[in-house]
Amino acid sequence: MIDTIMDSPYINSLPFLIEGLKLTLIITITGLIFGFILGALAGLGRLSKSRIIYGITTVFVEVVRGTPILAQVLFIYFGISEDLIGVNISGLTAAIIAITLNAGAYIAEIVRGAVYSIDRGQFEAGRAIGLTEKQTMRYIIWPQAFKRMIPPLGNQFIISLKDTSLFSVIAVNELLYQGRTYYNATAEVFETLVMVCIIYLMITVPTSLILRRVERKLDV
Amino acid sequence: MITVKDLHKSFGKNEVLKGIDAKVDESEVVCVIGPSGSGKSTFLRCLNLLEDITSGEVTIDKETVNDPRTDINQLRAQVGMVFQHFNLFPHKTVLENVTLGTTKVKKLDANQANELGTQLLEKVGLADKANEYPDSLSGGQKQRAAIARALAMEPKVMLFDEPTSALDPELVGDVLEVMKDLAREGMTMVVVTHEMGFAREVGDRVMFMDEGVVMEEGKPQQLFESPQNPRTQEFLSKIL
């Protein structure tokens with residue numbers, strides 16, 4: 001009995017798929033960390049009174065949100081040639097850049113929305129006691145806005161995690177790519193894809209559940 | 001203490017203040033009354049430059065508020081402001097609300113700031129709420145905390161923008177008591193209010209504003225009992 005379970009096509013693919021999951025998580029987490037930095041800057045740029053800064057960040061957000069991530073990663077990987085920038089971009093680097101840009105654009109809107117949602121009176125109260133604009137942002141607006149960003153940021157994590165599956169087209173051996181390689185070799189297509197999806201769900205469902213709890217706790 | 005000369009304020013094409021002249025002496029309590037939309041809140045907000053001034057001049061303690069050379073943050077630190085909706089910082093405790101400006105603007109160290117903050121919370125009757133968050137306070141307590149926050153900066157002037165308008169009637173009294181104490185201690189105050197009782201009892205002078213101008217001003221007794229301007233008479237007959 002145990003032998004049949006252990007020998008089933010579902011279980012056999014696992015070590016191979018787990019290798020892919022590792023890379024999927026590396027791309028997602030690294031991309032989101034850089035994406036958050038980029039998004040925070042771009043989001044504040046979208047709130048800027050300077051027309052130039054506002055313009056640049058708006059173009060960035062609109063271009064990235066308005067084009068498919070698949071096109072973006074093909075562009076980064078194949079479109080930008082080595083002659084052009086002098087270095088060869090590996091598949092992994094292209095994947096991380098694509099997630100960074102993509103998450104950055106969406107996080108910019110998350111940041112802008114969160115800051116915008118803070119009552120104007122908070123800003124005025126800060127300025128009225130003599131805080132500078134920067135201090136008001138840092139001590140009053142940002143901490144409150146950050147709380148409101150947590151649920152949509154968690155959401156972005158789930159979206160970016162799933163987006164990494166697109167990178168199989170540039171031969172990054174993330175989870176889905178590993179699955180495809182495995183079923184091409186074994187012809188166990190159904191069983192392998194079931195396992196791939198289960199592994200995605202094992203990350204996304206608990207994340208959703210945690211998010212819902214956090215949301216309730218923060219009361220946002 | 002405060003001098004306002006020919007103050008104009010427009011929002012786009014809409015002129016809200018159409019030339020205001022006013023003077024507030026040291027330790028004087030001036031109450032500003034008038035119908036909604038008369039520009040009284042905008043007038044108050046121009047005094048500490050929460051609204052840009054379109055033209056005219058405002059000086060507080062000999063410093064011109066709308067002079068680009070004035071350090072507006074230093075000036076605002078000396079002008080306390082209390083808002084209709086309190087605007088307490090919800091992510092900070094009551095005591096932290098009070099001490100934030102003293103540590104970041106006045107650069108007091110944490111001990112001094114906490115000591116001063118605790119004293120002020122005692123003064124407004126909130127010593128037991130120091131470590132709670134604003135959400136757990138009643139409206140009247142919130143407004144008293146907001147007053148303590150403004151006082152922590154040791155301002156020369158306090159501006160009140162309809163401080164009791166958002167409060168349940170039974171909570172208004174406590175806030176007015178704190179304000180009366182301040183007036184007795186000699187604080188210079190400008191109070192935009194609908195509390196005619198307070199204006200009459202505590203105000204040294206009352207300004208009646210309508211349609212962006214000061215229609216009439218005078219001692220409370222005179223303005224309330226024998227208003228000269230027909231608009232003042234009409235307004236008072238509606239609310240008294």
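Note on the range B:57-101: residues that are part of a loop (DSSP other than H, G, I, E, B), at the interface with chain A (Cβ under 7 Å from one of its Cβ atoms) and of a type in the set (S, T, N, Q) amount to 1.
The single residue among A:ALA128, A:ALA171 that is of a type in the set (A, V, I, L, M) and out of contact with any strand residue (DSSP E or B) (no Cβ under 9 Å at 6 or more places or on another chain) turns out to be A:ALA171.
Listed by first and then second residue, the pairs linking a residue in the range A:168-179 that is under 19 Å from A:ALA71 (Cα atoms) to a residue that is of a type in the set (S, T, N, Q), with Cβ atoms under 6 Å apart and 6 or more places separating them unless they lie on different chains, are A:GLU174/A:THR24; A:GLU174/A:THR164; A:LEU176/A:SER165; A:LEU176/A:SER168; A:TYR177/A:SER168. When restricted to residues that are among the aromatic types (Phe, Trp, Tyr), touching a Phe, Trp or Tyr at 6+ places or on another chain (Cβ under 9 Å) and more than 26 Å from A:PHE78 (Cβ to Cβ), the range A:150-205 contains 1.
Here is a yes/no grid of residues against (1) more than 20 Å from B:VAL175 (Cβ to Cβ); (2) under 20 Å from the mean Cα position of the chain (by Cα); (3) not aliphatic (A, V, I, L, M):
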| site | (1), (2), (3) |
| --- | --- |
| B:VAL79 | no, yes, no |
| B:ASN87 | no, yes, yes |
| B:LYS92 | yes, no, yes |
| B:LEU121 | no, yes, no |
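Residues of the range B:123-164 that are loosely packed, with under 15 Cβ neighbours inside 10 Å, under 21 Å from the mean Cα position of the chain (by Cα) and more than 12 Å from chain A (Cβ to nearest Cβ): B:SER138 alone.
Of the residues B:THR64, B:THR59, B:THR3, the single one that is more than 30 Å from B:GLN221 (Cβ to Cβ), hydroxyl-bearing (Ser, Thr, Tyr) and either surrounded by fewer than 22 Cβ atoms within 10 Å (Cβ to Cβ) or in contact with a Ser or Thr (Cβ under 9 Å, 6 or more places away or on another chain) (or both) is B:THR64. Scanning the range B:18-51 for residues that are more than 26 Å from A:GLU133 (Cα to Cα) and either touching a Cys at 6+ places or on another chain (Cβ under 9 Å) or without any contact (Cβ under 8 Å) to a residue 60 or more places away in the chain (or both) gives B:ILE20, B:LYS23, B:SER36, B:GLY37. Looking across A:GLY104, A:GLY113, one residue alone is away from every other protein chain (no Cβ under 14 Å), surrounded by 19 or more Cβ atoms within 10 Å (Cβ to Cβ) and in a helix (DSSP H, G or I). It is A:GLY104. Taking the numbered list (1) more than 14 Å from chain A (Cβ to nearest Cβ); (2) surrounded by fewer than 22 Cβ atoms within 10 Å (Cβ to Cβ) in turn, B:LYS104 passes all entries but (1). Please list, ordered by first then second residue, the pairs with beta carbon atoms under 6 Å, 6 or more apart or interchain, first in the range B:229-240 and touching a residue at least 12 places away in the same chain (Cβ under 8 Å), second aliphatic (A, V, I, L, M). Pairs that qualify, where the first residue is touching a residue at least 12 places away in the same chain (Cβ under 8 Å) and the partner is aliphatic (A, V, I, L, M), are B:ASN229/B:MET215; B:ARG231/B:MET215; B:THR232/B:MET215.
Quick one: which residue in A:GLU124, A:GLU133, A:GLU174 is touching a Leu at 6+ places or on another chain (Cβ under 8 Å), of a type in the set (Asp, Glu) and within 14 Å of chain B (Cβ to nearest Cβ)? Walk me through it before giving the result.
On the way: A:GLU133 fails: touching a Leu at 6+ places or on another chain (Cβ under 8 Å); A:GLU174 fails: within 14 Å of chain B (Cβ to nearest Cβ).
So the residue among A:GLU124, A:GLU133, A:GLU174 that is touching a Leu at 6+ places or on another chain (Cβ under 8 Å), of a type in the set (Asp, Glu) and within 14 Å of chain B (Cβ to nearest Cβ) is A:GLU124.
Taking strands (runs of 3 or more DSSP E) as the structural unit, those lying wholly within the range B:182-240 and holding at least 2 residues that are of a type outside the set (A, V, I, L, M, F, W, C) correspond to B:205-210, B:213-218.
FYI, it's all coordinate maths here, none of it is from the lab. Values in this document were obtained by computation on a predicted structure and should not be read as measured data. Ideal geometry is used to build each Cβ from the backbone, glycine not excepted, and the neighbour counts take in all protein chains shown.
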